[in-house]
Every structure is written in structure tokens, then in C-alpha cells.
1. Could you tell me the calculated FRET efficiency between S176 and F355, based on Cβ-Cβ distance and R0 = 25 angstrom, to the nearest 0.05?
2. Excluding ligands and nucleic acids, what accessible area in Å² is computed for C331 using a 1.4 Å probe, to the nearest 10?
3. How large is the accessible surface per residue of the chain, computed with a 1.4 Å probe and reported in Å² as a whole number?
4. Need the list of lysines near K589 for cross-linking: C-alpha distance under 16 angstrom, and skip anything on the same chain fewer than eight residues off.
5. Pop a pseudo-label 7 angstrom from the Cα along the beta-carbon direction at both A749 and I440 and give the gap in nm to one decimal.
6. Express in nm, to one decimal, how much length is gained between K254 and T338 on full extension, taking 0.36 nm for each residue of separation and deducting their alpha carbon distance.
7. Taking 0.36 nm per residue of sequence separation and subtracting the Cα-Cα distance, how much length would be gained by fully extending the chain between V195 and D726, in nm to one decimal?
8. From the cross-link list K116/K683; K394/K581; K351/K535, which pairs have alpha carbons spaced over 32 Å apart?
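The values are calculated or read from the model by the stated rules, or taken from the named source; none is laboratory data. Keep in mind the model is a prediction, meaning the values are calculated, not measured. For neighbour counting, all protein chains shown are included, and Cβ atoms are generated from backbone atoms with ideal geometry for every residue, glycine included. Heavy atoms of the whole protein, side chains included, go into the accessibility calculation; ligands, DNA and RNA do not. Shrake-Rupley method; radii C 1.70, N 1.55, O 1.52, S 1.80 Å.
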Amino acid sequence: FKGGDTCEYLLSSGRFLGEKVWQPHSCMMHKYKNSEAKNCLIDKHVVFIGDSRIRQLFYSFIKLINPQVKEEGIKHGNIPFEDKSASIKVDFLWYPEVNGSMRQRIRSWTEGSVAKPHIIVVGAATWSIKIHNGSSEALAQYKINITSIAPLLEKLAISSDVYWVLQDPVYEDMLSESRKMITNEKIDAYNEAAVRILNSSSRNSKAKVKVFSVSKLIAQETIMKSADGLHLPESSRDTNAMILMNVYCNKIMKPIDGSCCQPQPPLTLIQKIAFCFFTLSIIGYLIISLIHRNNYRKNKLCTDLESGEEKKPAISTPNVSTLEILLHCFCKLGLIMTYFYLCDRANLFMKENKFYTHSSFFIPIVYILVLGVFYTENTKETKVLNREQTDEWKGWMQLVILIYHISGASTFLPVYMHIRVLVAAYLFQTGYGHFSYFWIKGDFGVYRVCQVLFRLNFLVVVLCIVMDRPYQFYYFVPLVTVWFMIIYATLAVWPQIVQKKANGNCLWHFGLLLKLICLLTCIYFLSYSQGAFEKIFSFWPLSKCFELNGNVYEWWFRWKLDRYVVFHGMLFAFIYLALQKRQMISEGKGDPLFSNRVSNVLLFISIVSFLTYSIWASSCKNKTECNELHPSVSVVQILAFILIRNIPGYVRSVYSSFFAWFGKISLELFICQYHIWLAADTKGILVLIPGYPMFNVLVSTFIFVCVAHEISQITNDLAQIVVPKDNSTLLKRLLCIAGFFSGLHFFSAMQDQSRH
């Protein structure tokens, strides 16, 4: 990595992804909407000076502010534009040659009380070549004129943003007879003169004229599509305007997916405290390791010099202390969090925009599915949704979701709708798994609740601190956490109905169904009453957890999108366990789940239902309308998959250990991808090895998976210490956790106050 300003890369280098998507070298370019452009340029004055090519850039720029603008101005004259709602002025000044007239206009801004424009975009050369028939005298005069203008531009660059646009190449075969003297060789000579002269006298880095050379690269790829061989096609000049907008606005608007020209965010108070904590943990662990190593050296095998025999001292290996385990975990976690920060907060590694193609999504999907088949093994038990099978299900779903994210497949609606079913299936498993546990075990103790909450939230809480992100940003964890608490509250509230109690009296089954009906009614009410939902989650301290950008709308939208599927999972678990208790299903190895006739009918219906949903999802035209139907119909494909996977005895008796391995760390994979596989908070792709996309994905994926696996182990180790089984010790730990969050809230309040 060469270091330096990403603005230089944005202005000078890049490549096309496909035909129209421009990818700057090393950073991500934000696509500005009209409202964002207005907010950035409010009360600003922008001036474009030059010939017809600069006029093209002027029109593309003002269309970012107002798309309704038509190119109806005078061709060889000045063109004003004003947006009164945002007090934005953008002017085009017709100066087709770098001469005394252009110099006089620029000088007027450096002298007297005339208000200086905030942005100045200058460029001209082709008219000089055309009028003087490409003579060498014209080039010499061009150099003299630029030399006289350069100090004025550098003076303006102290307080304004000044850009010199290099001349784009032409498509010589398409040029008219009157323009045949404009050759790429002469254009290169004029550009070389401009680059050599501009900033040659500047000693102040702030007084530099920014050379807009990226337009040349874009033109080299697209000038063949030009209508006259001289002017760029509309898509290319729109790209240039968007680059110009990114150069100026990214440092003001700070878009998440616009890493170009954005400075590294300063460390917050909480981040500094976290850094000190992890540093002390690493130092503490090293000290303990050195002490143990020293003790080992003293107690190692010693040689009796007289007899030549080795004597082993009778010393037993001491048990590893709780403090050492803690320091070891926090030492590893500190190193991992440093990598997280360097990847997605420091401007150390490159980031690139996503670009979707069908091959970039479907080829990896086919590859991992084929790979998973090669790791088929027999399950330890053959029950419906046994542990190996659910791990396998989570594993392949997580891998598909990861490929979906890195390929940018959310832009393709049929894929988006199928991925929504996978997310719903995770929540279905949440409802199924937690209901089954509480129903069978009847364990509503605090220990169980704390264990689940710790395992779900530990990594996210650490990332909120280290990466300075709100809890709701990692939306899936809040979602499963809230649904776990809803399941717990539904079953734990009086009367507590569990399987043991229900077996004694069948009426308890109706009592549980009544509870589930009440839960469904509450879900239905909250899904259609945004106001009531927002009131519940706007109370402190819930508001601190569930607000995003100052409101809880995003949280309501996420919750509403899969509002019924957890209930469906609970209901499925209840029906399945009731059938299992009454021995109405056969779960022996190799046996079909029901009688042959019933199994065949259900299998046929499941396959038809599965394909019907896929056809419907693939024919979706409107995302909003499909999202409205999704909560009610997603369960169709989930249940169809469960039946297809479990009705045939052989299929139920095997699983893919490859997918199951990933399933065990699926939560960590889902969360870690935000910062060390993707970039810019999932908006882009992390680039560790530029120039080699496939090799980069292999390396970053290997590190990403290893880190997720390590964090899973750290979480399990810490869960044993932080959430002990002894109730009195657990109470003390909970008081410590309450103190930790109180301190976190205090420092957060201090942080917010200093920001304002």
C-alpha cells in the first residue's frame, strides 16, 4: 500500500466493472441522489470554465441536482443554473481557449471583493489545436498561457477546490474534416504541458490544483461510442460528474459506501478505553506466560551428572486459573479486534464496490453445494431436525448468504426473495429450538437465559464498542435476541405449561395453544400498528439499543419482515413433539417418517409447494409488494424443505459434515462478514491483494473463516466464566455486567456531548 490520499486515486485511476460501473482504484464511490447532492452543495457556487467538453460535464453535474434540466443553453455562450431551494449556483463560462480572456476572468476572483466560487472546474485545448491547425506555435503559446494562469489557480486553490480537466482522447476515424487535425498525439502533448506546469511553483499542499485525469481513462474505454468522435457518450460524462461529486462531497456527507476522499474517523473515548483494556490484557497474559515458562525451565528434566540418569521431578501440572483463561481470551480478542479496526475503520486496506453478475453468484453456489456432498456422513440420531441436520441447514444457508452479500446479488429480485426465505428459516429454527428446549426440559432458570443472551450478544457488544456502531446496526442479533425473550416470556408466564405437566392432563395442550393464539394476536397487532411498536421500543433503555439514525423505523421494518415465522417454528415444534409422543411418526434409521402411501403423498405435495414458491419468487416484479406477502408465505418453502429432508429415511440418516462445521459458527460468520470480508459496513468488498480478485477472495475468506471460528471458541470459553451455574456467583456477575453497561452508557453520553 503506497499510502497517500484516496482522492488522488479517485481523480487519476480506476477500471470499469462491466460496461458502465466505474471502480476507482482502492476506494468506493458513492452514487449520490438529488437530495444528497443538494444537501452537500447548499449555499455553494460552482463554476465550469472551458469548451464544449466542459459544457457536457456541466450539464451532467447539474442533472445530479435537478434531473429535469434540459440541454437547451447557448452553445457558444455562458449558461447559468440556480437551485433557489438550496441556494446553489452553478455557472458555465464559455472560454474555449486558454488565453488572456480566461486569465482575466480567473484574476477577477483573486482580486478585490468579488466572491470566490467554492468549486472551479477548468479545461480547454481542442479549440487551440483546431483553430491553429495543430501547429507547434499554438502549443508553445498554450504553455505560455497556462504558465501565466497557474499561479492564479494555485492562489484560488487555497480557499476553493480547483480542478484542471485533462483533455480526453478522440476517436480519429469518426472526426469530421474540420476536426481531423485534433489527433491523440497532439492531445497528449497539450496534457503533458498542463501537468508539468500546474503546481510547479506551489510549495503549499493546500494550494494545489487537482488534476482531473481519470476522464482520460474513462474516455479510452468509451470514446468509440461517441456520436462525433470528440464528445463523450452520456454515460461516461455522467460518471465524470459523479466522480467530481464524490471528490467534493464525501468529506462533507460521509456516506458509508463512499470511502474515497474520506478521512479516517477519529478514535472515540470508548474506543480508546477499549484499546487500553485490550493492551493491558495482552501485557498481562504475556507476563503470566513468561512466569509459567520460567517455572517450566526450573522444573524440566535434569541430568544427574554422576549417574547420567534423568530424573523427573514429582510436580503435578497446576490447573489453569480463571484469570489466565480470561487474559488469554481477551489477548486473542484484542488482536482480532485490531484486525477488524484496520480492515474497516483505518485507511490501511483497500475497498471496492460490489458488482453483480449471474456467474459471480451462481457458480460459487454450485461449487459449495457439490463440495458439501463429498462430506456426507451418517447422523448419530435419526430424529426430525436432529442436531447434525440443523447445523448442516444453518451451514449451507450461511454460505449462500455470504455469497449473496459479496456478489451484490440483492439487486436481482428473485435471488433477494429466496435469501429472505433463508433468513426466515434461521428465525424458524429459533422458534423451533427454544420452544423444544423449554417444552421438554421445563428449565426457565436465569442461568439458561443468561447463557443464551451472552452467546448471542457477546461479539456484537464488543463490535459496537470497537467499531463505533449502534447495536441495531447488526440487526439479526437484536432480532433473534428479542424473539428468544418473547418465546421465554410466552412459555414462562403463568401458567407454566411444559410437556411433563401436559402428559398428565390433555387440557394443558389447549392451554398452550391459547398462549400461542395470544402471541399471534400480539404479533398481528404490532405489525399493523407502527405507532404502538415505536412507543414500546422508544422508552429508555430500549431506545439506546433499537434506534438507528434517531428512530426505530428500521427496527420495526426488520421485525415486521419475518413477523410470523418464529410463531410458525414454535407451532411446528409443538405439533411434531405431540406426534412423536404419541408414536405417530417413525424415526428409525432408514424408515420413512410415515406409512409409504402418506409419505409419498406428502413428499409430492412438498416438492410441488417448494417449486411453486420458487416460481412465484422468481416472477416477483415489485420488491415492496413481495415483501408484504413474504411473512405469510415464506413458511411454505421452509416446511416443504423440512419434509423433503426428513420424510425419506435414508436422507434423514445422513448429513454433510462440511456444512455442519460452518453451521456451528454461523452466527460468528454472519456478524464478522460486516467488517473483515466485506467492507464499509457491508457496502463494499475488502481488498487485501489488489489486482487479483480471485486470489484476494481466497485469502480474505481464509482469514475471515479462521477469525469467526476463533471468536466462537473465545465466546464459549468466556461463557463458562461470565455465566456460572452457581446462582449466588451468577448474581454477582450480573451486577458486574450491569455496572459495565452503566459505565458504557455514561461514556457514551460524554461522547455524544463532545460531538455536539
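1. E between S176 and F355, to the nearest 0.05, is 0.10.
2. Accessible surface of C331 is approximately 10 Å².
3. 50 Å²
4. The qualifying lysines are K380, K383.
5. Simple spin-label model gives 4.6 nm for this pair.
6. Numbers: separation 84, 0.36 × 84 = 30.24 nm, distance 2.28 nm.
Contour length minus Cα-Cα distance gives 28.0 nm.
7. Working: separation 531, 0.36 × 531 = 191.16 nm, distance 7.35 nm.
Computed gain between V195 and D726 is 183.8 nm.
8. Numbers: K116/K683 36 Å; K394/K581 27 Å; K351/K535 39 Å.
Among K116/K683; K394/K581; K351/K535, the Cα-Cα distance tops 32 Å for K116/K683; K351/K535.
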